[in-house]
């Protein structure tokens, strides 16, 4: 197989037609057809189904696509890495974060990267941790924050900080008064809860803790979208258990209340993840250091611990670094 054949093949599938692929590649359409036919002959498999609307991959083509796309990305990374030796770190870096982290540092992360690494372009994807792990394993992300170390052999996991989980509830929910603003797990478990669907690390932790205490979580809604869970809590459709980061803005404006869970406390570790199989480019290494630095500063400022501070009857947003 030749790299040119793989590039023509991948471009044809992404473009949807051979004509559009030829325009993207700046070659004649017959050249695209010829190279893909040669690839099919060499592999002994039909890779594309050709019809009046364009082309789409066969089963064999779909399998080859993931490999071909990874090979081409790795080649681009190698070229970029060598080009970076001529000057400061430059290129595109794809980063993934769960919502609890983007709410805390998302905007500032882009600002910091623009200031410290002006030749690096960022692509940000927000997903649940499980989805971010999959994208990393598939080579569609370069770096990610994740709460779930699935211990895939292909991924490296660097523990960064341990986050306490909180009960997030509508303001009118009656909770026990405590001097330190916490809520017992047994109280949280009995409230109507909006939780992620299984499999999900946070839910598994909450359910295991409940089982160990002889309790059953009162789950009334199952939702995979953290942003939708936040909207549902604000709409008084239930409560949830989550790191406070994803709800800081809602808490700061009084739309929800957040109480750290105790007896027993619940916590999750935030990891910085990346592939072991693909060497990181200078640009990716620079962004990795920026990610570490921002989490360290955010943790030092206490932003992971309490969502808001109360003073004089007003809700004040906690200062961020």
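Values in this text are rule-based calculations from the coordinates and carry no lab data. Just so you know, these numbers come straight off a predicted model, no measurement behind them. Please note: Cβ atoms are built from the backbone with ideal geometry, for glycine as well, and neighbour counts cover all protein chains shown.
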Once both axes come from the Cα atoms, what is the angle between helix 282-300 and the longest principal axis of the chain, in degrees from 0 to 90, rounded to 10? 0 degrees
With angles folded into 0 to 90 degrees, how steeply does helix 3-15 sit against the dominant principal axis of the chain? Use alpha carbons for both and round to 10. 60 degrees
How big is segment 163-267 in terms of Cα radius of gyration and Dmax, in angstroms? 12.4, 36
Restricting to the chain, what percent of DSSP beta bridges are antiparallel, rounded to 5? 65 percent
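Packing-wise, with mean Cβ within 10 Å as the measure, how do 113-126, 284-297 rank, highest first? Don't jump to the answer; show the numbers that get you there.
On the way: 113-126: 14.7, 284-297: 18.1.
In descending order of packing, they fall as 284-297, 113-126.
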Antiparallel content of DSSP bridges confined to segment 163-267, in %, to 5: 55 percent
Going by alpha carbons, how many degrees (0 to 90, nearest 10) lie between the helix axis of 59-84 and the longest principal axis of the chain? 80 degrees
Counting only DSSP beta bridges with both partners in segment 83-242, the antiparallel fraction in percent, to the nearest 5, comes to 20 percent
So what's the Cα pair-distance distribution over segment 1-124, bin width 5 Å, in %? 2, 10, 16, 16, 13, 11, 12, 10, 7, 3, 0
Dividing the helical contributions, -39500 (n - 2.57) per DSSP H run of n ≥ 4, by the residues of the chain yields a 222 nm value, nearest 500 deg cm²/dmol, of -13500 deg cm²/dmol
Three principal axis lengths of the chain [C-alpha, angstrom, descending]: 75, 44, 33
